1. Which condition does Gln142 not pass, out of (1) polar (S, T, N, Q); (2) open to solvent by 40 Å² or more (accessible area, probe 1.4 Å); (3) within 26 Å of Lys99 (Cα to Cα), if it passes all the others?
2. Ser51 is checked against (1) modelled with pLDDT under 90; (2) open to solvent by less than 20 Å² (accessible area, probe 1.4 Å) and fails just one. What number does that condition carry?
Amino acid sequence: MLSLLRALLIRPHAILAHILKNPSPEASSRLSFVIIVMTMIDTAIVVGQSSELDKYFGTETSWLKWLLVLIAPPVQFALQRFFYLLSARLGLLMFASDKLPKTPEERRQKHHLLRLAFPYIIYPMTFFSLISSPFLDFAFVQNWFFILGLVYFFLLSVYSLITLFGVSSNVAFWGPLLVQFLIFLALVIVVMIVLMFLLLGGVINLPDLPSM
């Protein structure tokens, strides 16, 4: 796995082209498992160093935070993959529909390859997040690793979309990014509407104050 990481960091375009031309569901599944385990370790370090969680959960239910360590990483990985594949599909459909495969079978095959490539796309970002987790008190170090991981995520994503669909680098970068922004904006609007209804309902249902 370290040799794969080194290849993704040093020769990202070449290694992704090789992976997409020689797809291996078994290798992709193994890497997905490694990423989930790395995320568990990362989460455990953060949870172990956070005194606020101890106050929140209390001593009697402190085991819940360790249950969170086991449950959150697989859910996080599944959600990340779902939103990435969704944003990539919609982004390409919006800006490069002529580059998409014409038949449903070809589209399913391309999307399946992109799904297999997803663990390789987020592997460096997960690694940098893990090695930055012990530096909770050093914001500069954490921000540096976060930015580096994000750069590799977008770089590998762009290379994957270019290799699979033959789109330009601008479309491969801005298409999914714009869709992700729109999804985020829609979620924010929904949350604000829900909060507004809750607040209005609380105001309307306030009991009458007793008269003096």
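1. For Gln142, the failing item is (3).
2. (2)
The values are calculated or read from the model by the stated rules, or taken from the named source; none is laboratory data. Keep in mind it's a predicted model, so treat the numbers as computed, not measured. Quick note on the areas: whole protein, heavy atoms, side chains included, nothing else; ligands and nucleic acids left out. Shrake-Rupley method; radii C 1.70, N 1.55, O 1.52, S 1.80 Å.
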